[in-house]
Amino acid sequence: MVLVGDAKWEIETTFRFARPRLPLRLIGRDAFSAASRRAYSLPEGSSAYFLEFRMAPGDERVDFGVRYRSGDLDDYVRLGWMQEDWHRQWALAGCEGVGTVMAAWRRPGSALRAFVPHLWLEMDEARLDGRTFPGFLFCVDTGMLQRRDRARKRALGYVELLGIAQEAARAITGSPLPAVTATALRKCAEALPPGGRIHHISAMPSRIPAAWKVNVSLPNGCLPAYLDRIGWPGSKPRLDDVCGGYEEFVRSVKIDVGISEGVSASLGYELTPFNSSPFGMIAAGLRLAREGVADTAKGKAFSTWTGQYRGKEGVTGMPIKLDRVSGLKISLGEAGPVSKGYLGFYPVFSLK
């Protein structure tokens, strides 16, 4: 649900606009219906949505994600459309741990409040003891999303990042952040080259033990030296074999690195609208298909999706533009490379 002035834009309306404009080859009707039901059960205040799908042949799994912005929640509380009973609202939505995280995020004086403008939740239906634990992505740097922020704000240092991770760990798991995770976070923060940023700290509590990652952007050409400085234990030849050559499609390198039990060999290489051109995204999708990392039909469907719509909202007649965000991710796993795609959508009220 999106707040425009003092009016609400319903989740259902956004999904109704999006459904006929999503490629069925990537997001099937059943998967979209399941994501829609999940979205409708969530508390108010969300502002954007994404669907994560697998690019491999025959893998039809789809995860659903939603974004909340700190200022939006303030406005919903102010207008009486949301109460600060975070625990009850999220318990009713069937999501464990979110109420505690939301309460910590809104607490004055907390590191989460001070340094996390956006919070993404990934509803992958991962279950622990029969309960749903979403993944949490704490956005600590919006410079990749809004370039003006990069000029206005300095990157957060290790002390600030550690404060965020510590508060997140207590809110999600009820336990302190493991020392080995804190040490790995420090390595990733202090090894950044000029122009490098940590954009997200993410936690996946449904995994045992809980998984932690950092999402990093680096200037082109800096990835090998950065991995050396953080002590990445993965195979450089394998990384070059799978991801080598993609730098021609990107303006900067975007990766995620596992830090749960120290810096791990797991690594994701991402192409998004914020670090690559539309042509680069199309070329990368087709290349994944040629190399057998992605299904050919899915690669073609991804590369041809426009994802944009202009019209008028049915009740108010307000002009609406439905924007798309798409992305690709190549993950290095023990069983071989895995490719995923992202289709995001959000409404913008605009006469343009």
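No value in this document is a laboratory result; all are computed from the given coordinates. Since we're looking at a predicted model, the values are computed, not measured. Using ideal geometry, Cβ is built from the backbone for each residue, glycine included, and neighbour counts are taken over all protein chains shown.
If you stretched the chain out fully between residue 75 and residue 304, how much longer would it get, using 0.36 nm times the residue separation minus the C-alpha to C-alpha distance?
Working it through step by step, the gained length comes to 78.7 nm.
Note the full-extension length gain between residue 16 and residue 335 as 0.36 nm times their separation in residues minus their Cα-Cα distance, in nm to one decimal.
In short, 111.1 nm is gained.
Between beta-carbons, use under 10 Å as the cut-off and find the net charge around residue 59, counting Lys and Arg +1, Asp and Glu -1.
Taking every other residue near residue 59 into account, the sum is +2.
Take 139, 222 and order them by how many other Cβ atoms sit within 10 Å, fewest up front.
On the way: 139 21, 222 18.
With the sparsest Cβ surroundings first, the list reads 222, 139.
Of the listed pairs 254/329; 254/298; 187/329; 236/298; 298/340; 213/254, which have alpha-carbon separations greater than 18 Å here?
Pairs exceeding the cut-off: 254/298; 187/329; 236/298.
Could you compute the FRET efficiency for residue 114 and residue 186, with r as their C-beta to C-beta distance and R0 at 25 Å, rounded to 0.05?
Details: r = 20 Å, r/R0 = 0.79.
The calculated FRET efficiency here is 0.80.
Determine how many Å³ per residue the convex hull of the Cα atoms of segment 175-292 encloses.
116 Å³
Quick one, can you get me the convex hull of the C-alpha atoms of segment 238-289 expressed as volume per residue in Å³?
Spelled out: Cα convex hull of segment 238-289, divided by residues, is 84 Å³.
By average Cβ neighbour count within 10 Å, what is the ranking of 328-339, 278-289 from highest down? The partial results should precede the final answer.
Numbers: 328-339: 16.3, 278-289: 19.1.
Highest-to-lowest ranking by the protection proxy: 278-289, 328-339.
Please give the direction-averaged projected area of the C-alpha convex hull for segment 174-231, in square nanometres with one decimal. Each step should come with its number before you reach the end.
Values: hull surface 18.0 nm².
For segment 174-231, averaging the hull's shadow over all directions gives 4.5 nm².
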